[in-house]
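S.K.: Attaching a single structure in structure tokens format; questions to follow.
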Amino acid sequence: MLLRRQTTVLIGLFLISTVLGSCSRSPASSAGSIPRTADGKPDFSGIWQVRNRAAADLEDHVARHGAPAGKGVVQGGPIPYQAWAAAKKIENARNRLTADPLASCYMPGVPRIMYMEFPFQIHQTPDHIAITFEWSQVHRTIYTNGAPPPDGIDFWMGDSRGRWEGNTLVVDVTNFNGKNDFQGSRENRHIIERWTRTSPTTIEYVVTLDDPTTWTKPWTAKQEFVKQSDEKNRIYKEPRCVEGNYSIFGMLSGARAKDLAFAEGRGPDPRTLNYATSTSAALDDEDLDDLQ
């Protein structure tokens, strides 16, 4: 009985020491394991993508038409809307097909572009961090050369000025042109982003937003970017959004009709059709009518 108690105590002490040791070593090992640039800064280069449903709603939300359910990313409670902004959010949700700036192919602005579920690629130099987004050829530059933002010039994506605080890139974003909306805020939006590479495959992205004309106080949201394979992925640079291009729906419907015809044995394999030099293998209008 005494031997069993001694053994139990020894096992307990071993587990406690193991946990405490791993906790004390984890920050150093984590900081040492992240890739770094030649000047010693954390290297954010590569292709990244968000893995959540915050693009549909930053707060906890149920599924609705065109938007899957998801867990929120807002920290410390709901977004502190002023009364008019809360009412405007409900109105915009009802009319999102026309009220959403993205419906007109406008640039999403910051930080909305960072929540959209499209991959983006980061290119890092000592003086600049350039980000190219797959969504509609949008791009963004974070200046890390210490230069101040220009006076009297505003931008769709705002003006981003970064500085390093240890291993964290802190970005001050101002100078919005007011033509895109983020949670009710437009040209008075002021953003502080904190980018921290927490592992070789993750970046923690924390953003604090302030606009005294829209919210009752500053508020914060936090999410994570996940590294994508540079070998197996690429950013498609062709435009993804063309305002008024209603023919795209007909083109996609026709392509799906041909896929269905091939699957049911009623047409050729669409992959074998040559639209560049010949139309002889394509389905004519009567064939398409039969597929409806």
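S.K.: Hey, with R₀ at 22 Å, roughly what FRET efficiency would residue 192 and residue 92 work out to, going by the Cβ-Cβ distance, to 0.05?
M.R.: Result of the calculation: an efficiency of 0.30.
S.K.: Once amide H atoms are built 1.01 Å from N in the peptide plane, which residues 5 or more positions from residue 241, or in another chain, come under 5 Å H to H?
M.R.: Distant-sequence amide H within range of residue 241: 136.
S.K.: Between residue 127 and residue 220, what is the FRET efficiency for a Förster distance of 41 Å, r being their Cβ-Cβ separation, to the nearest 0.05?
M.R.: Values: r = 28 Å, r/R0 = 0.69.
For R0 = 41 Å, the calculated efficiency reads 0.90.
S.K.: Would you please give the residues with an amide H less than 5 Å from that of residue 202, counting only those at least 5 places away or on a separate chain, with H modeled from the backbone geometry?
M.R.: 227
S.K.: By counting other Cβ atoms within 10 Å of each Cβ, how are 227, 222, 217 ranked from fewest to most? Walk me through the numbers before you get to the answer.
M.R.: Working: 227 17, 222 13, 217 7.
Listed from fewest to most nearby Cβ atoms, that is 217, 222, 227.
S.K.: Based on the Cβ-Cβ distance of residue 231 and residue 69, what FRET efficiency does E = 1/(1 + (r/R0)^6) give at R0 = 35 Å, to the nearest 0.05? Intermediate results must be reported in sequence, preceding the final value.
M.R.: On the way: r = 33 Å, r/R0 = 0.94.
For residue 231 and residue 69, the calculated efficiency is 0.60.
S.K.: Sticking with this one: How large is ³J(HN,Hα) for each residue in the range 142-156, as worked out from phi by the Karplus curve 6.51 cos²θ - 1.76 cosθ + 1.60 (θ = phi - 60°), to whole Hz, x for Gly and Pro?
M.R.: 9, 8, 10, 8, x, 6, x, x, x, 8, x, 10, 10, 9, 4
S.K.: Also: At a 10 Å Cβ-Cβ cut-off, how would you order 118, 176, fewest neighbours first? Let's see the in-between values first.
M.R.: Working: 118 17, 176 24.
Result, fewest neighbours first: 118, 176.
S.K.: Moving to a separate point now. What is the distance, in nm, between label points placed 7 Å from the Cα along the Cα-to-Cβ direction at residue 60 and at residue 210?
M.R.: 2.9 nm
S.K.: Let me ask something additional. Taking the Cβ of each residue in 165, 187 as the centre, tally the other Cβ atoms inside 10 Å and list the residues starting with the fewest.
M.R.: Details: 165 9, 187 15.
Starting with the residue having the fewest Cβ neighbours, the order is 165, 187.
S.K.: In whole Hz and in residue order, list the ³J(HN,Hα) couplings for the range 93-99 that follow from phi through the Karplus curve 6.51 cos²θ - 1.76 cosθ + 1.60, θ = phi - 60°; x for Gly and Pro.
M.R.: Couplings: 5, 5, 10, 5, 5, 10, 7 Hz.
Rule-based calculations on the coordinates, nothing more; no lab input. Nothing here was measured: the structure is a model prediction, and the numbers come from that model. We place every Cβ from the backbone using ideal geometry, glycine too, and count neighbours over all the protein chains shown.
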